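Okay, structure first, notes after.
The values are calculated or read from the model by the stated rules, or taken from the named source; none is laboratory data. Being a predicted model, the structure only gives us computed values, none of them experimental. FYI the Cβ positions are ideal-geometry reconstructions off the backbone, even for glycines, and counts take in every protein chain you see. Each accessible area value is taken on the protein alone, full model and side chains, heavy atoms only, with ligands, DNA and RNA left out. Shrake-Rupley method; radii C 1.70, N 1.55, O 1.52, S 1.80 Å.
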Amino acid sequence: MPKLSVVVPMHNVEAFAESTLRSLANNADPDFEFLLVDDCSTDSTSWAIDRWAERRDDARVVRHETNKGIAQARNSGIDAARGEFITFLDGDDWYGPGYLTELVRAVEELGCDFARTDHVQATGTERVIRRPPAQLRDTVMDPRDGIAPPHMETMVDYPFVWAGIYRRHLFADGGMRFATELRTAEDRLWIWRLHLKAESYASVGLHGVFYRRGVATSLTQIKDSRQLDFIPAYDMLIQDLLKDREADRFLPKAVRTYCAMIAFHLGKVNEYESSAAQRLRREARDALHRMPQHVLEETLRTIDRTRSRLLSRLRDGRKAA
């Protein structure tokens, strides 16, 4: 059994594939395997993957015959993984040399179910270190304590699944798969479910994963209805929490974050395609009515006045923007 499986979904990332794959080679170890998931690329990505993998004994290619999205691509990699630990890398990002060895060493020394790491945000030539909002560093903690309180930034607000490493048992029996009905925001729901399920975690200060921002083909840059998948993602989360033993503890955080997401998207609604903008206003209003109303009322009472007024007007059917 390999020590680590690295799942790398790739779809039409020809401009970055070579640097991503080179960074994998710079992290090679006899105990590591690389699972390259080609999500039906239509550019030269497939060629780059095949050329790189055919020269290596530590790489396997998983190929989708149709484009299924990043959630299913990650799931396909998880299903193929054999490692004691699993981590992820997006096809347009990269690792610094030796990062994965340090990551495995850190989680083994701590002995926890999963560990989250810092990452380096790369925008052009600019580099900025982003850190998980954990209470402590290099200390094993209860993942549920990393969710609340609602008024603070917490670990569920750090939705970068590739900035972490996860023990294989978390994925056993089909567990901890990404929701394939979501084209965006699948990472936010997954991180919440991770903190609800796992028994221990830690935050470690490694700076070896580089997140490329501002990529034109990234899902973060799209302006169509795919951006609205945060709505079903948070609906699914609230349904999970309503059945959770600590629903009263965590619903305020979920509702507050959901409201913040709605306000954020409404704030840039004029950037969206017309049909997506109309759908956003309609579905956001409906979402406010679906939330547990006593929790929503408390949220609207305690958030800033600008967002409170915006969301109250939307819920009440008055013009929201």
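As a summary of the residue check, Asp224 satisfies the conditions (1) more than 23 Å from Trp190 (Cα to Cα); (2) in contact with a helix residue (DSSP H, G or I) (Cβ under 7 Å, 6 or more places away or on another chain); (3) loosely packed, with under 15 Cβ neighbours inside 10 Å except for the one numbered (1). With the condition kept exactly as written, say whether any residue in the stretch 244-262 is open to solvent by less than 40 Å² (accessible area, probe 1.4 Å), of a type in the set (Phe, Trp, Tyr), more than 30 Å from Ala106 (Cβ to Cβ) and not in a loop (DSSP other than H, G, I, E, B). Yes, there is a match, as at least one residue in the stretch 244-262 is open to solvent by less than 40 Å² (accessible area, probe 1.4 Å), of a type in the set (Phe, Trp, Tyr), more than 30 Å from Ala106 (Cβ to Cβ) and not in a loop (DSSP other than H, G, I, E, B). Out of all the residues in the stretch 69-94, which are within 17 Å of the chain's Cα centre (by Cα) and either farther than 23 Å from Lys3 by Cα or assigned to a helix (DSSP H, G or I) (or both)? Correct list: Gly69, Ile70, Ala71, Gln72, Ala73, Arg74, Asn75, Ser76, Gly77, Ile78, Asp92. Residues that are open to solvent by 20 Å² or more (accessible area, probe 1.4 Å) and of a type in the set (A, V, I, L, M, F, W, C) were ranked within the stretch 69-105; the one that is farthest from Ala15 (Cα to Cα) is Ala80.
Under the condition of being open to solvent by less than 20 Å² (accessible area, probe 1.4 Å) and part of a loop (DSSP other than H, G, I, E, B), the residues counted in the stretch 58-68 number 1. Kindly establish whether Gly205 is under 28 Å from Pro2 (Cα atoms), surrounded by 21 or more Cβ atoms within 10 Å (Cβ to Cβ) and at pLDDT 95 or above. No: the conditions fail for Gly205. Among the candidates Arg22, Arg51, Arg55, the residue that is open to solvent by 10 Å² or more (accessible area, probe 1.4 Å) and closer than 15 Å to Asp90 by Cα is uniquely Arg22.
Restricting attention to the stretch 110-129 and to residues that are under 19 Å from Ile191 (Cα atoms) and assigned to a loop (DSSP other than H, G, I, E, B), the residue that is most open to solvent (accessible area, probe 1.4 Å) turns out to be Asp113. Checked against the criterion of being open to solvent by 20 Å² or more (accessible area, probe 1.4 Å) and at pLDDT 95 or above, the candidates Pro150, Pro143, Pro159, Pro132 yield just one match: Pro150. Within the stretch 15-30, being out of contact with any helix residue (DSSP H, G or I) (no Cβ under 8 Å at 6 or more places or on another chain) and in a loop (DSSP other than H, G, I, E, B) holds for Ala15, Phe16, Asn26, Ala28, Pro30. With respect to being among the acidic types (Asp, Glu), open to solvent by 60 Å² or more (accessible area, probe 1.4 Å) and without any contact (Cβ under 8 Å) to a residue 40 or more places away in the chain, Glu297 fits the description.
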